[in-house]
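Asker: Can you read through this structure? Questions will come right after.
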Amino acid sequence: MSGRLRDTYGRLRLGTRLALGLGVLSLVAFAVLGTALTTYMRDYLGHQQVAQLKLVQNIQAKDAAQHGTVRRQPYYGWYTAVYDVRDGTAALRRPADVPDDTEGFTALAQARADSAGDVTSTAQVAGKGAYRLRACEVVPGVVLVSAAPMAEIEDTMDQLITVQVIAFTVALLALVVFGRILLRRGLKPLSDMAHTAHGIASHDLTESAARLPLRADRSGGGPEVEELRTAFNTMLEHIDDSLAVRAEAEQRLRRFVADASHELRTPLMSVRGYADLFQYAAANVPEERDRHLARLRSEAARMGVLLDDLLLLARLDAAEVDAPLRLEPCDLVDLARQAADAFRAAHPGHPLTLDAGSRPLPLSLDPVRIRQVLDNLLTNAAVHTPAGTRVSVTVGVSPEAARVFVADAGPGITDADQRRIFDRFYRVDKARSRENGGSGLGLAVARSLVTAHGGTLTLRSEPGATAFALELPRVELQGSLVAAVR
């Protein structure tokens, strides 16, 4: 039974449970307050009655001393008896205004004879009810016992208890009802947040472009609710950002798969076509056979380069322990000179200027990979600019980093292309013609390699000026290593 009650209580709403809890606490408080008030009032009325008995007995004691008995009765329903006490026994003097049941009177008279002061007690008188008795000594051996009915006190206490029960019950009901209303209003912000959470739960988060436009934007509720609302909205912002990143990653993945399929399909189709041609030309014309074999090798080499770039990017993304870097002390200025010489030999139609200074710049890096980055940036400048366009390479240094700027005076790159220039398989040439670039992996590989070195690769472009900035961190090298570089 108790377990069922606990389950029922646990299924109630928070406001209802708080209201019930407030009602229980109020009930306990009312019970304690009512008990204390009733006890105090009963004691107060009892003391008042005893004082009244004492005042009456002061007059009755004189009457008993003068006439032997009490002739004047103070109030209706009161009783008075005079006892002669000898040798532990009490004898009632007659005439006396006493009820038929005088056992309590006699016992109190005997008790007064054995005590040094006045005695008060409460006794049940048969057929009359409860009485408060007080015994005092008139003269030695004579005891006066007076009795006052307690019916009025009991009636007063019953009325007081009735009034308290009614008043406390009404107050308790009002407290629970109005407390529930106030609690519901105070918990309204939490209900709003719960409604927002239900809205999020019903939102389809599996969509690629899923967003969470819902927010707990209502104010009020106090500082604690404001803190909860802020944390709730912050959590929703994080979820929204995560969904946006996931959607973008899914789009990039789909685009990557499509681009990779396209890039691999082209050489595969070429290999298939040349293989078919080779089947018919091999037995007849040896010259045709050699030409088709050369083309097969060329397409296979092209696929090999593409797959090598994809594998390199995958290894860099995975941050493998065996990273594709072989760091050693190298002179960045010498690498820039080598790249410049190779560019002049391969692209004589593009004048190149090199500003690297006369002093070596020793760094800890992978010379093959950094040379690959420089060659890629220079080739990119030659492919995407018309013949005669000036190209420059500048090597700079600061206390924290070494920088290489590869710039050209070509037509520039649009803002839309700049935002995606480092994406994989992205090329400014949307037609994917081979005259204006390769697979679109060159700049993606370059940035990944620079990032693996702990550096950055950025682009700034406008009509007539395009510059790639390669920045590598400077690492302190030992003196022997620096000497080896020099």
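The values are calculated or read from the model by the stated rules, or taken from the named source; none is laboratory data. On a predicted model such as this, the values are computed, not experimentally measured, just so you know. Every residue, glycine as well, gets a Cβ built from its backbone with ideal geometry; the counts of neighbours run over all protein chains shown. Surface areas here come from the heavy atoms of the whole protein model, side chains and all, with no ligands, DNA or RNA. Shrake-Rupley method; radii C 1.70, N 1.55, O 1.52, S 1.80 Å.
Asker: Taking residue 310 as meeting all but one of (1) open to solvent by 50 Å² or more (accessible area, probe 1.4 Å); (2) modelled with pLDDT of 65 or more; (3) of a type in the set (A, V, I, L, M, F, W, C); (4) closer than 19 Å to residue 448 by Cα, write down the number of the exception.
Answerer: Unmet condition: (1).
Asker: May I ask you to verify whether residue 255 is open to solvent by 60 Å² or more (accessible area, probe 1.4 Å), in contact with an Asp or Glu (Cβ under 9 Å, 6 or more places away or on another chain) and at pLDDT below 70?
Answerer: yes
Asker: Let me ask something else about it. Take residue 296 and decide whether it is in contact with a helix residue (DSSP H, G or I) (Cβ under 6 Å, 6 or more places away or on another chain), at pLDDT 70 or above and either in a helix (DSSP H, G or I) or of a type in the set (Ser, Thr, Tyr) (or both).
Answerer: Against the criterion (in contact with a helix residue (DSSP H, G or I) (Cβ under 6 Å, 6 or more places away or on another chain), at pLDDT 70 or above and either in a helix (DSSP H, G or I) or of a type in the set (Ser, Thr, Tyr) (or both)), residue 296 qualifies.
Asker: Name the residue that is nearest to residue 422 (Cα to Cα), counting only residues in region 359-397 that are in a loop (DSSP other than H, G, I, E, B), in contact with a helix residue (DSSP H, G or I) (Cβ under 8 Å, 6 or more places away or on another chain) and open to solvent by 20 Å² or more (accessible area, probe 1.4 Å).
Answerer: 384
Asker: If only one of 102, 106, 89 is out of contact with any strand residue (DSSP E or B) (no Cβ under 6 Å at 6 or more places or on another chain), surrounded by 14 or more Cβ atoms within 10 Å (Cβ to Cβ) and either of a type outside the set (D, E, K, R) or closer than 10 Å to residue 145 by Cβ (or both), which one is it?
Answerer: Criteria check complete, one pass: 102.
Asker: Residue by residue through region 398-409, note down the ones that are in contact (Cβ under 8 Å) with a residue 60 or more places away in the chain and open to solvent by 40 Å² or more (accessible area, probe 1.4 Å).
Answerer: Scanning region 398-409 gives 399, 400, 403, 405.
Asker: Turning to a different aspect of this structure: Among residues belonging to region 157-189 that are small (Gly, Ala, Ser) and open to solvent by 20 Å² or more (accessible area, probe 1.4 Å), point out the one that is farthest from residue 50 (Cα to Cα).
Answerer: Out of the qualifying residues, it is 186.
Asker: Report yes if residue 201 is touching a Phe, Trp or Tyr at 6+ places or on another chain (Cβ under 8 Å) and modelled with pLDDT under 90, otherwise no.
Answerer: In short, no.
Asker: Let me spell it out: the conditions are (1) in a helix (DSSP H, G or I); (2) open to solvent by less than 80 Å² (accessible area, probe 1.4 Å), and residue 73 meets all of them except one. Which number is the exception?
Answerer: (1)
Asker: Cβ-Cβ under 6 Å, sequence separation 6+ or interchain: first residue in region 66-79 and hydroxyl-bearing (Ser, Thr, Tyr) and at pLDDT 75 or above, partner in a loop (DSSP other than H, G, I, E, B) and surrounded by 13 or more Cβ atoms within 10 Å (Cβ to Cβ). Which pairs?
Answerer: Pairs that qualify, where the first residue is hydroxyl-bearing (Ser, Thr, Tyr) and at pLDDT 75 or above and the partner is in a loop (DSSP other than H, G, I, E, B) and surrounded by 13 or more Cβ atoms within 10 Å (Cβ to Cβ), are 69/93; 79/98.
Asker: Hey, can you tell me all the residues within region 466-486 that are modelled with pLDDT of 90 or more and surrounded by fewer than 21 Cβ atoms within 10 Å (Cβ to Cβ)?
Answerer: Listed by number, the residues that qualify are 467, 469, 471, 473.
Asker: Note down all Cβ pairs under 7 Å where the first residue falls in region 415-427 and is under 10 Å from residue 441 (Cα atoms) and in a helix (DSSP H, G or I), the second is open to solvent by 30 Å² or more (accessible area, probe 1.4 Å) and modelled with pLDDT under 85, and they're at least six residues apart or on different chains.
Answerer: From region 415-427, no pairs qualify.
Asker: Here's something else I'd like to know. Regarding region 135-156, can at least one residue be identified that is open to solvent by 30 Å² or more (accessible area, probe 1.4 Å), of a type in the set (A, V, I, L, M), at pLDDT 90 or above and part of a helix (DSSP H, G or I)?
Answerer: no
Asker: List every residue pair whose Cβ atoms lie under 7 Å apart, where the two residues are 6 or more positions apart in sequence or sit on different chains, the first residue falls within region 439-454 and is touching a residue at least 24 places away in the same chain (Cβ under 8 Å) and surrounded by fewer than 23 Cβ atoms within 10 Å (Cβ to Cβ), and the second residue, located anywhere, is assigned to a helix (DSSP H, G or I) and of a type in the set (Val, Ile, Thr).
Answerer: Matching pairs, first to second residue: 450/373.
Asker: Might you let me know whether region 38-60 holds any residue that is outside any helix (DSSP H, G or I) and either open to solvent by 50 Å² or more (accessible area, probe 1.4 Å) or touching a residue at least 12 places away in the same chain (Cβ under 8 Å) (or both)?
Answerer: No, the conditions are met nowhere in region 38-60.
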